[in-house]
Amino acid sequence: MTKVAAVQMVSTPRVEDNLASARRLVAQAAREGASLVALPEYWPIMGMSDTDKVGHAEPEGAGLIQDCMTALAREHGIWLVGGTLPLVSPDAGKVLNTTLVYDPQGRQVGHYDKIHLFGFNKGNESYDEARTIVPGQAVGSFEAPFGRVGLSVCYDLRFPELFRAMGECALIIVPAAFTHTTGLAHWEVLLRARAIENQCFVLASAQGGLHENGRRTFGHSMLVDPWGEVKAVLPEGEGVITGTLDDAFLASVRESLPALKHRKL
């Protein structure tokens, strides 16, 4: 049995304020017994414009945001999946939207650059992440004491082939900043589908509320089990959800319905 937690935030344009919120919420998750904690996408900054994050991009291995994550993992003795932060990219004016993973000693043990970039245009809502983000190229995962953990980010959720490429995982993590419009329609059903088809736990850590830049994110951070049942959820606002990864239940699902062994492609 492993207790995990997802942190939900309503991030602001101010990095220092967001760091303070993350410290407080990660500490809460640790007090509640979580040994793995996931932060949401864009947790260090939700700027007034999409270009704001470019000015806060850090080189991998150094910077205020990474120092914070290293310290949190070490201080609380947890596995920390650091949502996403902006890292310096090869393209001027663009960043990598990156998940970094830290072990309980504060060592970086995982890296995933978001592959699928969100584009949406409906009514007054318009988003185009490709304007400021360079897409990643490689599937991401890391080995934890309870098994393999797959890494994905937000819009990746709509591309099931990415999750198959991770191999057999005990847990898949989805930090996100789903819009309220798309989240209301698709968030839960997609999370449950990824859990069911990959027969693993899915932990989703989300942005959840009305941000200072006018964007409204859907929230509903949740833990879904391998049978597709939602075990914990936080609809909106700052907070933490926790739940348990039950190894025996995971094994029983795969034994009773061995779909992964039945794959032909």
Subset of segment 150-173, residues in contact with a Cys (Cβ under 7 Å, 6 or more places away or on another chain) and open to solvent by less than 10 Å² (accessible area, probe 1.4 Å), comes to GLY150, CYS169, LEU171, ILE172
All but one of (1) touching a strand residue (DSSP E or B) at 6+ places or on another chain (Cβ under 6 Å); (2) farther than 23 Å from HIS211 by Cα; (3) of a type in the set (Gly, Ala, Ser) hold for ALA38; state the number of the condition that does not hold.
(2)
Scan segment 140-178 for residues that are β-branched (Val, Ile, Thr) and either more than 20 Å from VAL4 (Cβ to Cβ) or touching a residue at least 60 places away in the same chain (Cβ under 8 Å) (or both) and jot them down.
VAL149, VAL153, ILE173
Per the list (1) over 15 Å from the mean Cα position of the chain (by Cα); (2) at pLDDT 95 or above; (3) open to solvent by 50 Å² or more (accessible area, probe 1.4 Å), residue check on GLY147 breaks on (3)
Strands (runs of 3 or more DSSP E) contained in segment 46-130 and holding at least 2 residues open to solvent by 40 Å² or more (accessible area, probe 1.4 Å) and more than 20 Å from ARG148 (Cβ to Cβ):
119-122, 125-128
Output the qualifying pairs, or none if there are none: Cβ atoms under 6 angstrom, residues six or more apart or on different chains, first residue in segment 252-265 and assigned to a helix (DSSP H, G or I) and of a type in the set (Val, Ile, Thr), second residue surrounded by 10 or more Cβ atoms within 10 Å (Cβ to Cβ) and modelled with pLDDT of 95 or more.
VAL253/GLN199; VAL253/PRO226; VAL253/TRP227
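So that you can scan it fast, the table gives a plain yes or no per residue for (1) under 16 Å from the mean Cα position of the chain (by Cα); (2) among the basic types (Lys, Arg); (3) surrounded by fewer than 16 Cβ atoms within 10 Å (Cβ to Cβ):
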site	(1), (2), (3)
MET222	yes, no, no
PRO226	no, no, no
GLU229	no, no, yes
VAL233	yes, no, no
LEU250	no, no, no
LYS261	no, yes, yes
Complete set of residues in segment 1-24 that are closer than 21 Å to ALA144 by Cβ and not in a loop (DSSP other than H, G, I, E, B):
THR2, LYS3, VAL4, ALA5, ALA6, VAL7, ALA22
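The values are calculated or read from the model by the stated rules, or taken from the named source; none is laboratory data. Bear in mind that the values here come from a model prediction, so they are computed numbers and not experimental data. We place every Cβ from the backbone using ideal geometry, glycine too, and count neighbours over all the protein chains shown. The accessibility values were calculated without ligands, DNA or RNA, using every heavy atom of the protein model including side chains. Shrake-Rupley method; radii C 1.70, N 1.55, O 1.52, S 1.80 Å.
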